[in-house]
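Below is one structure; the comments refer to it alone.
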């Protein structure tokens, strides 16, 4: 079952921002949720909720070079009708990376919030989750960004855009705290 707008508001309001940029994103996220009738429907409004996941494991984190944007980033995308955001984050990571991933044993962990412009004049309100990846090389299927690989934490920070650079230390800390 998908999240209601009230569920999304509670999730965002209950998240503790880690940076001023994320605090600004959370405020914008909440403001947009006040006006959006179908916040997860990418066709209902140019501004909509998306889900992504930072995939972590013993080798660091998996990044892929986005085929349209040309930047190294975490996997993610649109939330399907009736789908929960944490389920969408996991599904997108599996689809884009060809790698088995799972939420932490304690359950889904929302790491970071971001609001950013996307293709076609859209604005994505992104919920970024921690995902645990199998210790195998990614194999993106045809049609997905072909460049995907494990990166050590320092390399990932060097490749990351500012939003991902804010979230990577949170992912590393959360991963290292896993039992």
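Residue under question is residue 78, and the condition is that it be surrounded by 16 or more Cβ atoms within 10 Å (Cβ to Cβ) and touching a residue at least 60 places away in the same chain (Cβ under 8 Å); does it hold? Break it down stepwise before answering.
Working: surrounded by 16 or more Cβ atoms within 10 Å (Cβ to Cβ): yes; touching a residue at least 60 places away in the same chain (Cβ under 8 Å): no.
Spelling it out, it is not the case that residue 78 is surrounded by 16 or more Cβ atoms within 10 Å (Cβ to Cβ) and touching a residue at least 60 places away in the same chain (Cβ under 8 Å).
Kindly indicate the residue of the stretch 24-72 that is under 12 Å from the mean Cα position of the chain (by Cα) and within 23 Å of residue 11 (Cα to Cα) and also surrounded by the fewest Cβ atoms within 10 Å (Cβ to Cβ) among those meeting that condition.
50
Would you please name the residue that is farthest from residue 101 (Cα to Cα), looking only at residues in the stretch 1-36 that are part of a loop (DSSP other than H, G, I, E, B), touching a residue at least 60 places away in the same chain (Cβ under 8 Å) and in contact with a helix residue (DSSP H, G or I) (Cβ under 8 Å, 6 or more places away or on another chain)?
Going through the qualifying residues, I end up with 19.
Would you call residue 55 under 20 Å from residue 170 (Cβ atoms), part of a helix (DSSP H, G or I), in contact (Cβ under 8 Å) with a residue 60 or more places away in the chain and touching a helix residue (DSSP H, G or I) at 6+ places or on another chain (Cβ under 6 Å)?
Details: under 20 Å from residue 170 (Cβ atoms): yes; part of a helix (DSSP H, G or I): no; in contact (Cβ under 8 Å) with a residue 60 or more places away in the chain: yes; touching a helix residue (DSSP H, G or I) at 6+ places or on another chain (Cβ under 6 Å): yes.
No: the conditions fail for residue 55.
Against the conditions (1) free of Cβ contacts under 8 Å to residues at least 12 places away in the same chain; (2) under 30 Å from residue 6 (Cα atoms), where does residue 114 fall short? Just the number, please.
(1)
Go through the residues of the stretch 37-46 one by one and say whether even a single one is over 18 Å from residue 171 (Cβ atoms), part of a helix (DSSP H, G or I) and at pLDDT 95 or above.
no
Criterion first (at pLDDT 95 or above, farther than 20 Å from residue 85 by Cβ, out of contact with any helix residue (DSSP H, G or I) (no Cβ under 8 Å at 6 or more places or on another chain) and surrounded by fewer than 16 Cβ atoms within 10 Å (Cβ to Cβ)) does residue 152 satisfy it?
yes
Let's see how each residue does on (1) within 21 Å of residue 50 (Cβ to Cβ); (2) part of a strand (DSSP E or B); (3) under 17 Å from the mean Cα position of the chain (by Cα); (4) touching a residue at least 12 places away in the same chain (Cβ under 8 Å):
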| position | (1), (2), (3), (4) |
| --- | --- |
| 91 | yes, no, yes, no |
| 95 | yes, no, yes, yes |
| 105 | no, no, no, yes |
| 156 | yes, no, yes, yes |
| 170 | yes, no, yes, yes |
| 178 | no, no, no, yes |
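How many of the residues in the stretch 147-179 are touching a strand residue (DSSP E or B) at 6+ places or on another chain (Cβ under 8 Å) and more than 27 Å from residue 22 (Cα to Cα)?
Here the count works out to 1.
The values are calculated or read from the model by the stated rules, or taken from the named source; none is laboratory data. Just so you know, these numbers come straight off a predicted model, no measurement behind them. Because the Cβ atoms are built from the backbone with ideal geometry, glycine has one as well, and the counts that use them run over all protein chains shown.
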